[in-house]
């Protein structure tokens, strides 16, 4: 149900379909986080020239971001499970928005690395909160689609960032660009503070929707206290999700960090042309996020268990993902962009359903912690792959990295199946 009207009741204000507006609010946070992190990537040709950075030095800047982003997810995941989604994401947004704005003052590699570290720490609080927010606001059959909506913020942000940031750069310069993009977070923070609350305490939620959201309240698992990190890591399902994200997420991060430079240096496109074309793969990623979430939800509505439905979507994405191997072998930039688009479509179908497994397997009180651990695994894998990519590209070009990236999703799926195959059939609420 998509909200189309507002409803007044005596003494109160009600919004039908409020859960979808909450999803849109979390989507906006995702969009802002990707615009902020991509500001450096899109402006890399200009900034690397201005600050005289090599490929390896540029990779080290991204590695500092990913280091903080990785462990920030575990830290904020536990914080949000104990203190709530609203407070945890508020703190995260303020940290990363300030860090984004202050990058305008960077004059050397060391300063830029420090500020990217702070940006990564703050942005680490986003995904655990987003996934926990979906678990709080959506019943199981809608959660993958809810996460798909939020994931479109990643792909929309990635699509909007190149033309927006290039325009800001040509109009105001690269330093002012960081100030403008950082300010967006404070606008969002004001709306979030006003609008977000858990369903049971939200004064705008109609009673019928509250019943629909909480229709699993009788599940004993829904009332368990948050589990600790060590306890969670002893669960093979958590290990499977963490290791799968460790192997699979570097595919996304490689294109997120390196796509503008790849198109500039390997394909010979100008910065203006990059701004006009680099959004295309992320539009396909949008389609993957939404269709992947819709497909597994459709299977659940037709009688499939949630874990089995996620597995079917993951399998389809795994078959499609290796098209990335061919990117380096095609001659035209247009063909390369088309293959990148298919690879990112497959990745978003894959990751959308892997992310949802945390809320399929575990109670709401532990979802942010599990998601945070998975995000840490994803960030460490991305950091290793991104940093090593700089070394490999300097010596051998992009082809070896592109071939490996095409094999990572199948490897990640194999690990996920190995660790989760037994417990998937024993999950009482799946």
Next on the checklist: Between 171, 177, which is without any contact (Cβ under 8 Å) to a residue 40 or more places away in the chain, closer than 17 Å to residue 275 by Cβ and either touching a helix residue (DSSP H, G or I) at 6+ places or on another chain (Cβ under 9 Å) or part of a helix (DSSP H, G or I) (or both)?
Outcome noted: 171
Next on the checklist: Any residue at all in the range 335-346 that's buried (at least 17 other Cβ atoms within 10 Å of the Cβ) and at pLDDT below 90?
Outcome noted: no
Item to check | Output for the range 261-290, where each listed residue is more than 21 Å from residue 152 (Cβ to Cβ) and crowded, with 22+ Cβ neighbours inside 10 Å | outcome: 262, 263, 274
Next on the checklist: The conditions are (1) crowded, with 23+ Cβ neighbours inside 10 Å; (2) modelled with pLDDT under 90; (3) within 15 Å of residue 122 (Cα to Cα), and residue 42 fails exactly one of them. Which is it?
Outcome noted: (3)
Checklist entry - Given the structure, is residue 111 within 17 Å of the chain's Cα centre (by Cα) and either part of a helix (DSSP H, G or I) or modelled with pLDDT of 90 or more (or both)? => result no
Checklist entry - Can residue 371 be described as touching a helix residue (DSSP H, G or I) at 6+ places or on another chain (Cβ under 9 Å), buried (at least 24 other Cβ atoms within 10 Å of the Cβ) and closer than 14 Å to residue 127 by Cβ? => result yes
Checklist entry - So is residue 188 part of a helix (DSSP H, G or I) and more than 18 Å from the chain's Cα centre (by Cα) or not? => result no
Checklist entry - In this structure, does residue 378 turn out to be surrounded by 24 or more Cβ atoms within 10 Å (Cβ to Cβ) and either modelled with pLDDT of 85 or more or out of contact with any helix residue (DSSP H, G or I) (no Cβ under 6 Å at 6 or more places or on another chain) (or both)? => result yes
Checklist entry - Looking at 133, 77, which one is buried (at least 23 other Cβ atoms within 10 Å of the Cβ) and at pLDDT 85 or above? => result 133
Next on the checklist: Considering only residues that are surrounded by fewer than 22 Cβ atoms within 10 Å (Cβ to Cβ) and either within 27 Å of the chain's Cα centre (by Cα) or more than 20 Å from residue 271 (Cα to Cα) (or both), which ones fall in the range 48-62?
Outcome noted: 48, 55, 56, 57, 60
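The values are calculated or read from the model by the stated rules, or taken from the named source; none is laboratory data. Since the model is a prediction, treat every value here as computed from it, not as a measurement. For neighbour counting, all protein chains shown are included, and Cβ atoms are generated from backbone atoms with ideal geometry for every residue, glycine included.
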